[in-house]
Ligand code: DON
C-alpha cells in the first residue's frame with residue numbers, strides 16, 4: 001500500500017516547516033541527537049484505504065512515548081481495566097513527562113496516568129509473557145497488526161542509548177517498587193521499556209495506527225477488530241487529556257483531536273470516524289512535542305474542522 005503526495009497538504013507543511021527553527025531535537029537520549037531538526041513529514045490515512053502525504057515520508061522515527069498508548073491497550077486486554085487502574089490513575093498531572101514530583105507527594109506512589117513515564121513503566125510491567133523477549137514480541141506483533149506492516153522492528157542503537165542513560169526512569173521505577181506498584185527487576189523492565197520506545201516506523205505507519213483508533217479498534221480495510229471498542233475509546237480519552245503531556249489542554253483547545261507525541265518528534269493522531277494522521281518533525285518545543293508538527297495539526301484542524309469539541 002502506498003501514499004499519494006498531496007499539493008494541499010504540502011502547502012500547509014511548508015508553512016509549518018518555518019517553525020522547526022524554534023525547536024530543538026531531544027538530546028537526553030544521545031542517539032536521538034542525530035535527527036535533522038528541519039525535517040517535517042506527514043501522512044493522512046482514510047478508512048477507505050486512501051492516503052495523502054507530504055514531505056519525505058520514508059523518514060524513520062522511533063515510537064518513544066507514542067508506544068505508551070499501545071502498551072496501555074495491550075495491558076488493558078491482558079489484565080482488564082480494574083487491575084490496570086489499581087496501579088495507575090486517570091488524571092492529568094500538569095507536570096513534565098518524566099517528573100518524579102507526584103510520586104514523592106502521593107503515598108503510595110501510584111502514578112497519576114499511563115501517559116507519563118512513571119505510569120507507562122507501571123503499564124509495561126503489567127504486559128504478560130514468560131520473559132522480556134516474549135513480552136517485547138507481543139508489543140511488536142501488536143504494532144505489526146495495527147500498521148499492517150510486519151517489517152517493523154526496533155532500533156538497537158536507540159534502545160541501547162536510552163538504556164544506558166535511563167537514570168530518571170530507573171528512579172521512577174525504584175519509587176514505585178518501594179510501594180509495590182512494580183514488583184519485577186527494574187533492569188529487566190527498563191530493558192523492555194527502552195525497546196518498546198525504540199520501535200522504528202514512519203509517518204505512514206503512524207497514520208495507520210491512528211485510523212484504527214479513529215475507528216474504535218477496527219482496521220477499516222480488512223474489517224478486522226484489533227482491540228475492543230471500549231479499550232480504543234479509553235486510550236483516546238487519555239490521548240485527549242494527557243497525550244501531549246502538560247500541553248494537552250492547549251492542544252485540545254487548538255486542535256481538538258486525540259493525539260500522542262513522542263520525543264523523537266512523532267505525533268499519532270486519530271480524528272474520530274474520519275482518519276488517522278502521522279507526523280514526524282524532530283525539532284521539539286520545551287514540553288517535548290514536535291513544534292512544527294503541532295503547528296501543522298493546528299492548521300489542518302482549522303482548515304478541515306477536525307476538532308471534536
Ligand atoms: O522514557 C523516555 O523518556 C522516552 N523513551 C520517551 C519519552 C517521550 O517520548 C516523551 N514525549 N514527548
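The values are calculated or read from the model by the stated rules, or taken from the named source; none is laboratory data. Small disclaimer: the values here were computed from a predicted structure and weren't measured. All Cβ positions, even for glycine, are placed from backbone atoms using ideal geometry, and neighbour counts span all protein chains on display.
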Scope the range 253-281; condition within 16 Å of the ligand (Cβ to nearest atom), outside any strand (DSSP E or B) and in contact (Cβ under 8 Å) with a residue 60 or more places away in the chain; matching residues: 262, 263, 264, 265, 281
Per-region count, the range 77-108, residues closer than 11 Å to residue 172 by Cα and buried (at least 22 other Cβ atoms within 10 Å of the Cβ): 1
From the options 234, 297, residue that is touching a strand residue (DSSP E or B) at 6+ places or on another chain (Cβ under 8 Å) and under 22 Å from residue 47 (Cβ atoms): 297
Tabulated pairs, the range 1-12, first within 25 Å of residue 148 (Cα to Cα), second surrounded by 13 or more Cβ atoms within 10 Å (Cβ to Cβ) and at pLDDT below 95, C-beta under 7 angstrom, 6+ apart or interchain: 3/57
Number of positions in the range 19-48 that are in a loop (DSSP other than H, G, I, E, B) and away from the ligand (no atom under 16 Å from the Cβ): 7
Any hit, the range 54-61, residues being in a loop (DSSP other than H, G, I, E, B), away from the ligand (no atom under 16 Å from the Cβ), without any contact (Cβ under 8 Å) to a residue 24 or more places away in the chain and closer than 30 Å to residue 13 by Cβ: yes
Residues (closer than 21 Å to residue 181 by Cβ and assigned to a loop (DSSP other than H, G, I, E, B)) located in the range 152-170: 166
Boolean, residue 293 is buried (at least 24 other Cβ atoms within 10 Å of the Cβ), assigned by TED's automatic domain parsing to the domain that holds residue 27 and within 14 Å of the ligand (Cβ to nearest atom): yes
The listed residue being away from the ligand (no atom under 16 Å from the Cβ), in contact (Cβ under 8 Å) with a residue 40 or more places away in the chain, more than 30 Å from residue 222 (Cα to Cα) and not assigned by TED's automatic domain parsing to the domain that holds residue 213, out of 104, 15: 104
Pick from the range 183-224, criterion outside any helix (DSSP H, G or I) and within 15 Å of the ligand (Cβ to nearest atom), ranking: farthest from residue 148 (Cα to Cα): 198
Total residues in the range 252-270, condition in contact with a strand residue (DSSP E or B) (Cβ under 7 Å, 6 or more places away or on another chain) and more than 15 Å from residue 205 (Cβ to Cβ): 5
Hits in the range 109-137 (condition: under 19 Å from the mean Cα position of the chain (by Cα), away from the ligand (no atom under 15 Å from the Cβ), surrounded by 15 or more Cβ atoms within 10 Å (Cβ to Cβ) and not in a loop (DSSP other than H, G, I, E, B)): 135
Tally of residues being without any contact (Cβ under 8 Å) to a residue 40 or more places away in the chain and part of a helix (DSSP H, G or I) across the range 138-151: 2
Of all residues in the range 225-252 being over 15 Å from residue 74 (Cα atoms) and in a loop (DSSP other than H, G, I, E, B), the one that is nearest to the chain's Cα centre (by Cα): 243
